[in-house]
Amino acid sequence: MATRGGFSSRLGFIAAAAGSAVGLGNIWGFPFEVGQGGGAAFVVIYLLFCFLLCFPVMATEIAIGRKTERNPVGAFTALGYKNWSWVGKMGIVAGILILSFYNVIAGWAFGYIVEMASGNFGIAEQFGEYTKNVIKVGGYGLIFMLSTTLVVKRGISGGIEKAAKLLMPTLIIMILGMVIYSLTLPNAMDGLKFYLVPDFSKLNGSVIYNAMGQAFFSLSLGMGALITYGSYVNRKENIVSAAALITLADVGIAFIAGMMIFPLIGFMSGGTMEGAAGGPGLIFVTLPQIFGTIGGSLGAIVGTSFFVLLCFAALTSTVSLLEVPVTYAVDELKIRRGRAVWLMAGIIFLVGIPSLLGFGYSEFFSTAFKTFKPGGFDTDFLSFIASIANDTILPLGGCMIAFFAAHVWKKHNLNEELAQGAPGYMGSFVQKYLNFSVSYLAPVILGVLFILTVLSKFFNINIIS
Ligand code: PHE
């Protein structure tokens, strides 16, 4: 396996894995989910779920990867369970699907750097026109995919690790700068109150459901992204503490992103917090309006910085999404890495085209797809693919990975791998709680999540409300 390469340092691995986790999910998804889920009550559920359930699943994925030094498909085979490799295959498909639409959104964000830098805040009102201009936004998407490709092409330590070590600290500094700025605006405190003071009367089944799905997606779990990254981790590393740090970093950055966005909404709304529940349009419509209200060159600087940081966050996630099918192609299909990278990136870009067309350009791809949303079935292609990949495959994959590790591969093997590089692990409280979570909590809760999704999104049977 000497030629396979790998992360050169513990910090490099943690930066790359945290980079995978921190993405559009944190800075775009988390705030809008909090806004729709009624604020802080959502945050509490999200945090519980991250630590009780996601952290153990993450450690398990990394352990399976490191033990086998394989992609998600080969990993099951290498452990002697070829009949489980379908779980890995499902993960590869999810990786391809997620990247296909993730890149579309990243492309929009990339284009917004240009719009903000040129002071075009009016883009907020023309977002529909913007997404309809498929040549333009498709071009931005192509540039984004090329950037992802160029990083992945340079390999694990020379590409992914290097990029993460550069981008992650920059991202953190930029977000903190933005937080400080937004806290100085009038009515910032109303935003913070909305964000941080829980109102548990707003909790209902669908808030809990959304918080769980959001946490799982945000931590890049359920599709083998961390099996893949784990396969490049040194045997001396402490997986348990690394997983804890990655979870903390992801949760921390999502949390700080909220500290940046809700004060801005407080400012814009004059304290009423109207617009906080703006949904997916929050970042592309509401925020540019706010930057426009700030106005002039300061507005342009703040707006440009925001979209630059969003793109940095997205890039460290897209490279991890691309690495999954690439590692698979190299390990299993014996394709040379350089070729595999271009091949997969090309396929994924093509798969993403209907998602690109589904925002006004093509009537068919904008409305003809069936997933549940309140009040009707019709939706755009991107939301349809997200329903399949994020909401269906990830919980199912996570459920299967946890069940497999605890009950098929067996806990003692999992523990043995986790103990490598973690001297105090065996017999510790963390071990007991991780074992309990992976054996029972994760398979059951993720299994329920999967079933609820299938019923709601594909049959419109809504048990929770
Ligand atoms: N976690 C990333 C985000 O929050 C998305 C992602 C999901 C990346 C699954 C890799 C695998 O944006």
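Structural remarks
- Selection within the range 331-348: residues that are away from the ligand (no atom under 16 Å from the Cβ) and open to solvent by less than 50 Å² (accessible area, probe 1.4 Å). The member of this set that is farthest from the chain's Cα centre (by Cα) is Ile335.
- Single condition Pro280 does not satisfy, out of (1) within 16 Å of the ligand (Cβ to nearest atom); (2) within 30 Å of Val93 (Cβ to Cβ); (3) open to solvent by less than 20 Å² (accessible area, probe 1.4 Å); (4) at pLDDT below 95: (3)
- Just one of the listed residues (Leu226, Leu146, Leu166) is open to solvent by 50 Å² or more (accessible area, probe 1.4 Å) and modelled with pLDDT of 95 or more, and it is Leu146.
- Cross-chain or 6+ apart pairs with Cβ under 7 Å, the range 220-239 first and closer than 18 Å to Ala314 by Cα and within 9 Å of the ligand (Cβ to nearest atom), then of a type outside the set (D, E, K, R) and open to solvent by 10 Å² or more (accessible area, probe 1.4 Å): Met223/Ile393; Ala225/Leu321; Leu226/Ser220
Here's the yes/no breakdown for (1) open to solvent by 30 Å² or more (accessible area, probe 1.4 Å); (2) over 30 Å from Lys236 (Cα atoms); (3) in contact with a Gly (Cβ under 7 Å, 6 or more places away or on another chain):
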| position | (1), (2), (3) |
| --- | --- |
| Leu418 | no, no, no |
| Leu434 | no, no, no |
| Val438 | no, no, no |
| Ile461 | yes, yes, no |
| Ile464 | yes, yes, yes |
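- Scanning the range 241-270 for residues that are open to solvent by less than 20 Å² (accessible area, probe 1.4 Å) and over 17 Å from the mean Cα position of the chain (by Cα) returns Ala242, Met260, Ile261, Phe262, Pro263, Leu264, Ile265, Gly266.
- Residues in the range 36-77 that are of a type in the set (Lys, Arg) and within 19 Å of Ala94 (Cβ to Cβ): Arg70 only.
- Criterion violated by Asn204 - all others in (1) within 28 Å of Ala59 (Cβ to Cβ); (2) away from the ligand (no atom under 15 Å from the Cβ); (3) surrounded by fewer than 24 Cβ atoms within 10 Å (Cβ to Cβ) satisfied: (1)
- Answer residue from the range 311-326, given it is more than 8 Å from the ligand (Cβ to nearest atom) and more than 17 Å from Gly91 (Cβ to Cβ) and is surrounded by the most Cβ atoms within 10 Å (Cβ to Cβ) among those: Thr316
- Here Phe49 clears all of (1) more than 12 Å from the ligand (Cβ to nearest atom); (2) over 18 Å from Phe216 (Cβ atoms); (3) in contact (Cβ under 8 Å) with a residue 40 or more places away in the chain; (4) surrounded by fewer than 23 Cβ atoms within 10 Å (Cβ to Cβ) except the condition numbered (2).
- Some residue of the range 406-423 being over 21 Å from Gly230 (Cβ atoms) and either within 14 Å of the ligand (Cβ to nearest atom) or not polar (S, T, N, Q) (or both): no
- Residue within the range 109-121 that is open to solvent by 10 Å² or more (accessible area, probe 1.4 Å), within 16 Å of the ligand (Cβ to nearest atom) and either in contact (Cβ under 8 Å) with a residue 60 or more places away in the chain or more than 18 Å from the chain's Cα centre (by Cα) (or both) present: yes
- Top-ranked residue of the range 349-373 - restricted to ones that are touching a Lys or Arg at 6+ places or on another chain (Cβ under 6 Å) and of a type outside the set (S, T, N, Q), ranked as least open to solvent (accessible area, probe 1.4 Å): Gly360
- Among (1) open to solvent by less than 20 Å² (accessible area, probe 1.4 Å); (2) touching a Leu at 6+ places or on another chain (Cβ under 6 Å) - the single one Thr379 does not satisfy: (2)
- In the condition set (1) among the β-branched types (Val, Ile, Thr); (2) at pLDDT 95 or above; (3) open to solvent by 10 Å² or more (accessible area, probe 1.4 Å), Val44 is compliant with all but (2).
- For Ser20, the test of being within 30 Å of Glu417 (Cα to Cα), surrounded by 23 or more Cβ atoms within 10 Å (Cβ to Cβ) and of a type in the set (S, T, N, Q) is passed.
- Checked against the criterion of being β-branched (Val, Ile, Thr) and surrounded by 18 or more Cβ atoms within 10 Å (Cβ to Cβ), the range 443-451 has at least one qualifying residue.
- Counting only helices (runs of 4 or more DSSP H) wholly contained in the range 1-98, the ones carrying 1 or more residues that are over 17 Å from Phe255 (Cα atoms) occupy 10-21, 55-68, 72-78.
The values are calculated or read from the model by the stated rules, or taken from the named source; none is laboratory data. These numbers come from a predicted model, not from an experiment. Backbone-built Cβ (ideal geometry, glycine too); neighbour counts: all protein chains shown. The accessibility values were calculated without ligands, DNA or RNA, using every heavy atom of the protein model including side chains. Shrake-Rupley method; radii C 1.70, N 1.55, O 1.52, S 1.80 Å.
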